[in-house]
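Notes follow the structure.
What follows is calculated from the coordinates using simple rules that are stated; it is not laboratory data. Not measured: the values here are computed from a predicted model. All Cβ positions, even for glycine, are placed from backbone atoms using ideal geometry, and neighbour counts span all protein chains on display.
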Amino acid sequence: MPERTPAALPDAHAALAQAGLRPTPPRLAIWQVLHEANDEPDAVDVLRRAQSLEPRTSLGTVYRFLRELELLGLATSQPVSHERSRWRLADTAAGRGSPRQQAAVAAIAQLAAAFGYTLVPSTGRAQAR
């Protein structure tokens, strides 16, 4: 049976190259999982999804690569009490959002500003000015 490899996402290659990281098949699979995730998966969920794209992906690789991405500002983790941290690509790295989603975020930011709040992308929470 032919091996299924992760689709080469242009932003993944560019982001990894700019960060000085080799775009190995496991790293590309992990990036693709995070890029396509509609939720914030934990490392074990990332591993399961990445292994469907690249079977040679290991849990150690997932954790190391997630930490590298976090240190480079390309991914963020959200600690959850009594559970594993949840992961997602940073908004600038993912290039996420349809024009409609971007317009919705802009409208929410404008509404928050009207009440004296500023949206903070790194944590997703609003803060008073």
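Cβ-to-Cβ counts within 10 Å put Glu68, Glu36 in ascending order as Glu36, Glu68, the fewest first. Once the chain from Ser52 to Leu21 is taken as fully extended at 0.36 nm per residue, the excess over their C-alpha distance is 8.9 nm. Each of Glu36 and Arg67 was given a label point 7 Å from its Cα along the Cα-to-Cβ line. The distance between the two points is 2.8 nm. The listed peptides 113-119, 56-62, 15-21, ordered by packing as a protection proxy, come out as 56-62, 15-21, 113-119 (highest mean of other Cβ atoms within 10 Å first).
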